[in-house]
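Q: Mind having a look at this structure? Questions to follow.
The values are calculated or read from the model by the stated rules, or taken from the named source; none is laboratory data. The shown structure was predicted, so the numbers you read here are calculated from the model rather than taken from an experiment. Positions of Cβ are generated from backbone atoms using ideal geometry, with glycine treated the same way; all protein chains shown enter the neighbour counts. The protein model used for the area step is the full one, side chains on, heavy atoms only, and it has no ligands, DNA or RNA in it. Shrake-Rupley method; radii C 1.70, N 1.55, O 1.52, S 1.80 Å.
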Amino acid sequence: NTTESAVAVETLDDVPEHVLRGLPEDVRLFPSAVDKTRLGVWATKSILKGKKFGPFVGDKKKRSQV
């Protein structure tokens, strides 16, 4: 007899609207390949090196802080 614990799974409803608006056309949010309870960022086609998109909302950190 096994007991399964309820695990909260992140959905698009949990993502702030500004994040969804800031995603490039060729980027989608789908279940993460690393953690199935979270959303991951997936490209629907190759993204060129150096491509920028946004707007960035949050606090910028130095490499030494992450």
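Q: From the list 36, 52, which one is open to solvent by 100 Å² or more (accessible area, probe 1.4 Å), of a type in the set (D, E, K, R) and closer than 16 Å to residue 11 by Cα?
A: 36
Q: Mind checking which pairs have a first residue in the range 14-35 that is over 17 Å from residue 53 (Cα atoms) and a second that is charged (D, E, K, R) and open to solvent by 70 Å² or more (accessible area, probe 1.4 Å), Cβ under 7 Å, 6 or more apart or different chains?
A: So the pair list comes out as 32/38.
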